[in-house]
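Notes to accompany the following structure.
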Amino acid sequence: MQSHWRKTPSSATRGMTLVEVMIALLVFTLVMLGAISTNLMVKRTALDARMELRAASLADKKFEELRSVRNSTLTQLLADPSFLQSVDPASDDKRTTDRQPITVVLKETGNPTDALRQFEVTCTWKIGQNPRSLTVKTEHFKDGLSTRGP
């Protein structure tokens, strides 16, 4: 006599259950979200570094302009508003994302009658909604500039 009962397949041959597939998809999704957020954080940090480098370069350029001026004509130059505040336009390079403009402001922090005149250059820009700035101070002697760090 033949039995009508089927043999149950072993666990090695029956495949994955729906619960196992859902757990595997959940784990895969969590790993991918972690990779995407890490990638975004790295891009944001790189953009911030590029913008800060651009700002430092603009501050250095402003100091070079000061250095090229004789002390006797410095007072006339400091009366010009376009020299005291300028806006570096956004980058024209289509390959980069650092197209935000940077505002460069020069102000005298010391007494203008002293032999040693003190200046400060502040560069400001935005990344998204977050404002950023870089401030560098310098001293102007009669024979040139001496730069101090932030």
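The values are calculated or read from the model by the stated rules, or taken from the named source; none is laboratory data. Small disclaimer: the values here were computed from a predicted structure and weren't measured. All Cβ positions, even for glycine, are placed from backbone atoms using ideal geometry, and neighbour counts span all protein chains on display.
Kindly indicate whether any position in the stretch 105-118 is at pLDDT below 90, exposed (fewer than 10 other Cβ atoms within 10 Å of the Cβ) and in a helix (DSSP H, G or I).
no
Suppose the filter is at negative phi, of a type in the set (D, E, K, R) and at pLDDT below 85; does D60 pass it?
Working: at negative phi: yes; of a type in the set (D, E, K, R): yes; at pLDDT below 85: no.
It is false that D60 is at negative phi, of a type in the set (D, E, K, R) and at pLDDT below 85.
What number of residues within the stretch 124-150 are modelled with pLDDT of 60 or more and either among the aliphatic types (A, V, I, L, M) or over 17 Å from the mean Cα position of the chain (by Cα) (or both)?
Final tally of qualifying residues: 9.
Do we have V87 as surrounded by 15 or more Cβ atoms within 10 Å (Cβ to Cβ), aliphatic (A, V, I, L, M) and either more than 30 Å from L40 (Cβ to Cβ) or modelled with pLDDT of 85 or more (or both) here?
Judged against the criteria, V87 is not a match.
For every residue, the table says whether it meets (1) among the small types (G, A, S); (2) under 28 Å from the mean Cα position of the chain (by Cα); (3) at pLDDT below 80.
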residue	(1), (2), (3)
S3	yes, no, yes
S10	yes, no, yes
L18	no, no, no
A24	yes, no, no
V27	no, no, no
A46	yes, yes, no
R50	no, yes, no
E64	no, yes, no
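Which of (1) touching a residue at least 24 places away in the same chain (Cβ under 8 Å); (2) exposed (fewer than 10 other Cβ atoms within 10 Å of the Cβ) does T75 not meet, given it meets every other one?
Going through (1) touching a residue at least 24 places away in the same chain (Cβ under 8 Å); (2) exposed (fewer than 10 other Cβ atoms within 10 Å of the Cβ) one by one, T75 breaks only (2).
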